[in-house]
Structure formats: structure tokens, C-alpha cells
Amino acid sequence: MEESKSTLDINQIKEYLPHRYPMLLVDRVLHWESGKSITAIKNVTANEEFFNGHFPNKPVMPGVLMIEAMAQAAALLSFLTAEVKPDENTVVYFLGIDNARFKRPVVPGDQLKLEAEIVKVTRGIWKYKARALVDGQLAVEADMMCTIRNVDNSKNAEADKVSIGQAQ
């Protein structure tokens, strides 16, 4: 993908992420720079399933879903940087999260601005600094790690093949 095309709409996002409703948590990419960073958004709406139980009288977006939204933005950045579109055998494994801090609740009507920056790529392990903001206020931040693997589903699932993304 050309670097001059720094935005992605929902249909383009779906070409890179295997997630679908209700787990696709990135609505638009506002900007990305190969090997560096990405800025995306997640529109938080009252009709999302998790608000039925979290919490019915005071809806708050679960922290784990905010982390997942940041991880999806980071995965997009990895695929875009590696110039790879995943197929049905591509799996992104979330390897770790450190220093996660939640600074404010996220409620229906908010727009999460997701930011992820590549810190390091070593032997197929991608490390990021990520954060999400609402109206310029920090909602959550974390250091995250993931890897992208190609798994041949016709063979033993433990037989992970080539690691994608030896970028940098």
C-alpha cells in the first residue's frame, strides 16, 4: 500500500483484520506511517452488546475491549508495515501487555482515538506503546506485544509456519 494513502475505511480495514462484528473494534484509520505509528478511531455506541451487562444503569466500555481496540490498531500497523494482507491461515497472537493504566471511563457517545507506535521488532515479535484518548483526555495506555503467524489449518495446529513481519 502506498504511504500517501494514509487513511483506511472500514472495508479496507476488513482486508487486514480477520475480526468481524461484534469483535471488530476499529472503525477508521486516520493516519499511519510505515514502521512508525498509526492513529485510528473506535466509535462507541449505546447499541453495542457489552453495554447490556456492563453496566445496564451506568454503561461503561469494558477495559479489556479498550485494550483489544488498541491491539487491533497495532496489528493493522504491523500488516501495513510488512505490506502483507493476511489470509485465512494468518493468526495474530497477543503475547503480552505491561503497564496498562485506565485513566477515565469510556461511555456511549465517546469516540476512542487509538494510537500505537512501534517500539521494536525482533524475530517476529512486535512491541508497541499504545494509548486511547477521548476528547484529548487519556483513557487507557499500555505496552503491548504480538506476533503474526501463518498456521496451516490442514495440518497440526501447533505447526506454526513462517513468521510474518521481519520488518525494520
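Only the coordinates and a few stated rules stand behind these numbers; no lab work does. For clarity, every value in this text was computed on a predicted model and none was experimentally measured. Here Cβ is always computed from backbone atoms with ideal geometry, including for glycine, and neighbour counts include all displayed protein chains.
Values for this structure:
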{"quantity": "Added length on full extension, which subtracts the Cα-Cα distance from 0.36 nm per residue, GLN137 to ARG123", "calculated": "1.6 nm"}
{"quantity": "Residue-by-residue Karplus 3J(HN,Hα) for the stretch 35-51, coefficients 6.51, -1.76, 1.60, Hz, glycine and proline x", "calculated": "x, 10, 7, 9, 10, 9, 10, 10, 7, 9, 10, 5, 8, 6, 3, 5, 6"}
{"quantity": "Most mobile of LEU25, LEU95, LEU80 in a GNM of the chain (Cα contacts under 10 Å)", "calculated": "LEU95"}
{"quantity": "Mean projected area in nm² (Cα convex hull; one quarter of hull surface) for the chain", "calculated": "10.1 nm²"}
{"quantity": "Between the stretch 1-75 and the stretch 78-152, the Cα center-to-center distance that results, in Å", "calculated": "10 Å"}
{"quantity": "Lysine pairs in the chain with Cα atoms under 21 Å, if 8 or more residues apart or on separate chains", "calculated": "27"}
{"quantity": "Rounded FRET efficiency, nearest 0.05, which uses the C-beta distance separating PHE102 from ASN52 and R0 of 25 Å", "calculated": "0.75"}
{"quantity": "Theoretical ellipticity at 222 nm over the chain - DSSP helices of four or more residues, -39500 (n - 2.57) apiece, nearest 500", "calculated": "-5000 deg cm²/dmol"}
{"quantity": "For the stretch 90-140, alpha-carbon Rg relative to the globular expectation (2.2 N^0.38 Å, N residues)", "calculated": "1.36"}
{"quantity": "Most positive-pole-ward Cα, ALA46, MET23, LEU8, against dipole of the stretch 1-63 from beta carbon charges", "calculated": "ALA46"}
{"quantity": "HN-Hα J in Hz across the stretch 94-99 - Karplus 6.51, -1.76, 1.60, θ = phi - 60°, x for Gly and Pro", "calculated": "7, 8, x, 9, 10, 6"}
{"quantity": "Mean projected area (nm²) of the alpha-carbon convex hull when the stretch 46-93 is viewed from all directions", "calculated": "4.5 nm²"}
{"quantity": "Cα centre as origin, Lys/Arg/Asp/Glu Cβ charges: the chain dipole, Debye", "calculated": "360 debye"}
